[in-house]
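Okay, so here's the structure we're looking at.
The values are calculated or read from the model by the stated rules, or taken from the named source; none is laboratory data. The model shown is predicted, which means the values in this text are computed figures rather than measured ones. Counting neighbours? That spans all protein chains shown, and the Cβs are built from the backbone with ideal geometry, glycine included.
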């Protein structure tokens, strides 16, 4: 007999659908957010393959980058998965994959608005060049001696021996001073030392433990089980949470017990200081050390996993082959995948990395290593991995989709309530009052003005003027960001931001040069010398002209396009306090022959145009552009967009803010930051005209 659905059953089903709709987005947000942050942490520790897997998981949930990605806790984070995934490929030498990830990051363009963009371009260049080196090596086109040194340099970098790497690089530069490949390797050494976006100098609690653990793996591979056990124990003492060390302690003891070595370990007296006892057990078959996937990972949603580790044998390894679900792993040409030791590599222990495609459900992966003995021996390592279906193919996702269709209005309001409550808890207030706007997402209404400036500075300097708090400084910061990523077919722009506020007449030219050198030092060769580094006092305009000429000449030699150094000088009103003589010296800078590589965009409220000298004043060389108040439509965007979906403004409240602010962006932000703080304290969601009036009284008082 078929059982009909009762009213309680229907209510329970609808409740489950409703709850699934509410919490599924939060669960998904938790998973991509957690994977992304863990991936960055793994990258900082040098766990490249683990970082790769974690970034892949994050991308499977959220493929698009976002500079203000909202987590489930309504915290805004900078989400750049392709950029960091490229670094996880670059460090272990997987340059082709690194280049693909970096290019994808550049294509999606979100990173263009961040401080990482310049570094991304440098990484793309390095990945492309190093990838070409790898191709040349496979084709036998690279000088063998250079290739050996380059391979050794790579091994030093990957093992963290940065001082030795720098010494080897210096030796290569002395042998081949004109070789352009060395410039790429030198930047690689510098980038490896800096660990890109992480603080390499910060002590890592697990670094010493990781070093002892790696040494233990080396001992294990060649049969030095006693030394390996001691190293694993030392790693565990240094880091009690080091699960891999604990696992290998048990594995080593089992191997020693199999070889009847456990009794030797138990009865052996403690070693004397500075004496290392060596016991080598020759093995008849190869030994695997699997690094990834780790033992705790048994399931994934990714389409593939990376299997990596090391394999060793007393006589040497011939090759490794793979099977997946009882079928040989094939390459793109249809041949079976086999990994051989690289030329000039110690075949008794070598590292391997192989990407394995996974089918939905259970996957059995078998690694087989063969040695080079006359009677070949082999060792088999088995791995099991369950691939779970993508979220969108699960039953829970289907239920949630149905619930979204059935209850769209309810879900919309509930989600807004959840966001509102979290915003109240975290006191979410995105407006900026006082500091310049560096985030392009909070910069409104100046697109036409920026385009006009960018179309003019190819051949002309500019003077941007307007009343205080109109947004001139923020405009200068946005120009810097645009110029850094501008792909001009003729010119290579280098923008330098200079704030003259508080600068004395005596410090004027030294302040300019210090800021210029600070920005350009990464592109200068080490042979360029400057007077400012030798003079502590008395730096004159003559010294400035000499240093500027040397700098522009050095930069021009390194660039294929025509160089344009763009000085973005803010608070130029300070020049009103300077003598006419200093202003004349500034004019002479733009009259020099090297001025064809120099332009300036100056900003200020007012320039006193009193000039008694015979020559034309410097400001006559500048095209003047006024910065007007915002248009009303842009005021509306600045008020509404930052809090859309969380807080609302009454129409009368918006009208009052625009009226009181006179369409000046700083004053608008000042009103908004105060009215939002007011309604958060009162636990409300809507800004009324009474709130605006109350803030107006507080600000005027």
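Taking (1) exposed (fewer than 15 other Cβ atoms within 10 Å of the Cβ); (2) assigned to a helix (DSSP H, G or I); (3) under 35 Å from the mean Cα position of the chain (by Cα) in turn, residue 554 satisfies each apart from (1). Name, by its number, the condition in (1) over 30 Å from residue 638 (Cα atoms); (2) out of contact with any helix residue (DSSP H, G or I) (no Cβ under 6 Å at 6 or more places or on another chain) that does not hold for residue 474. So the condition that residue 474 fails would be (1). Just one residue in the set 569, 517 is out of contact with any strand residue (DSSP E or B) (no Cβ under 8 Å at 6 or more places or on another chain) and either assigned by TED's automatic domain parsing to the domain that holds residue 501 or part of a helix (DSSP H, G or I) (or both); that residue is 517. Taking the criterion of being touching a strand residue (DSSP E or B) at 6+ places or on another chain (Cβ under 7 Å) and under 30 Å from residue 392 (Cα atoms), the residues of the stretch 327-350 that qualify are 329, 330. Restricting 660, 671, 666 to those that are in a helix (DSSP H, G or I), within 26 Å of residue 462 (Cα to Cα) and not assigned by TED's automatic domain parsing to the domain that holds residue 585 reduces the list to 666. Being assigned to a loop (DSSP other than H, G, I, E, B) and at pLDDT 90 or above is a condition met by at least one residue of the stretch 649-656.
Entry remark, the stretch 477-497: residues being in contact with a helix residue (DSSP H, G or I) (Cβ under 6 Å, 6 or more places away or on another chain) and under 20 Å from residue 626 (Cα atoms) number 1 in total.
Scanning the stretch 675-701 for residues that are within 12 Å of residue 639 (Cα to Cα) and in a helix (DSSP H, G or I) yields 675, 676.
So in the stretch 624-648, with the set limited to residues that are more than 20 Å from residue 435 (Cβ to Cβ) and part of a helix (DSSP H, G or I), which one is modelled with the lowest pLDDT? By that ranking, first place goes to 640.
When every residue of the stretch 52-64 is checked against the conditions, at least one turns out to be at pLDDT 60 or above, surrounded by fewer than 17 Cβ atoms within 10 Å (Cβ to Cβ) and closer than 22 Å to residue 645 by Cα. Checking the structure you have, find out if any residue of the stretch 389-400 is in the same structural domain as residue 336 (by TED's automatic domain parsing), touching a strand residue (DSSP E or B) at 6+ places or on another chain (Cβ under 7 Å), outside any helix (DSSP H, G or I) and modelled with pLDDT of 70 or more. No - not one qualifying residue is present in the stretch 389-400.
Restricting the stretch 440-451 to residues that are within 22 Å of residue 666 (Cβ to Cβ) and surrounded by fewer than 17 Cβ atoms within 10 Å (Cβ to Cβ) leaves a set whose member that is farthest from the chain's Cα centre (by Cα) is 448. Would you confirm whether or not the stretch 314-324 contains a residue that is under 25 Å from residue 390 (Cβ atoms), in the same structural domain as residue 381 (by TED's automatic domain parsing) and touching a residue at least 60 places away in the same chain (Cβ under 8 Å)? No, the stretch 314-324 contains no residue that is under 25 Å from residue 390 (Cβ atoms), in the same structural domain as residue 381 (by TED's automatic domain parsing) and touching a residue at least 60 places away in the same chain (Cβ under 8 Å).
This table checks each residue for (1) at pLDDT 80 or above; (2) under 33 Å from the mean Cα position of the chain (by Cα); (3) under 20 Å from residue 351 (Cα atoms); (4) assigned by TED's automatic domain parsing to the domain that holds residue 316.
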| position | (1), (2), (3), (4) |
| --- | --- |
| 213 | yes, yes, yes, no |
| 217 | no, yes, yes, no |
| 228 | yes, no, yes, no |
| 256 | no, no, no, no |
| 260 | no, no, no, no |
| 277 | no, no, no, no |
| 281 | no, no, no, no |
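Given the criteria buried (at least 17 other Cβ atoms within 10 Å of the Cβ), in contact with a helix residue (DSSP H, G or I) (Cβ under 9 Å, 6 or more places away or on another chain) and modelled with pLDDT of 90 or more, does residue 49 qualify? No. For the stretch 302-321, the criterion of a residue being at pLDDT below 85, surrounded by fewer than 16 Cβ atoms within 10 Å (Cβ to Cβ) and more than 19 Å from residue 337 (Cα to Cα) is satisfied by no position.
Scanning the stretch 679-688 for residues that are farther than 15 Å from residue 640 by Cα and surrounded by fewer than 17 Cβ atoms within 10 Å (Cβ to Cβ) returns 681, 682, 683, 684. Selection of the stretch 590-606 for residues being modelled with pLDDT of 80 or more and assigned to a helix (DSSP H, G or I) yields 596, 597. Within the stretch 526-545, if we keep just the residues that are in a helix (DSSP H, G or I) and surrounded by fewer than 15 Cβ atoms within 10 Å (Cβ to Cβ), the residue that is farthest from the chain's Cα centre (by Cα) turns out to be 542. Of the residues contained in the stretch 94-101, none is found to be touching a strand residue (DSSP E or B) at 6+ places or on another chain (Cβ under 7 Å), surrounded by fewer than 21 Cβ atoms within 10 Å (Cβ to Cβ) and at pLDDT below 90.
Determine whether residue 417 is closer than 24 Å to residue 572 by Cβ and either at pLDDT below 85 or not in a loop (DSSP other than H, G, I, E, B) (or both). Considered against the rule, which asks whether it is closer than 24 Å to residue 572 by Cβ and either at pLDDT below 85 or not in a loop (DSSP other than H, G, I, E, B) (or both), residue 417 comes out as no.
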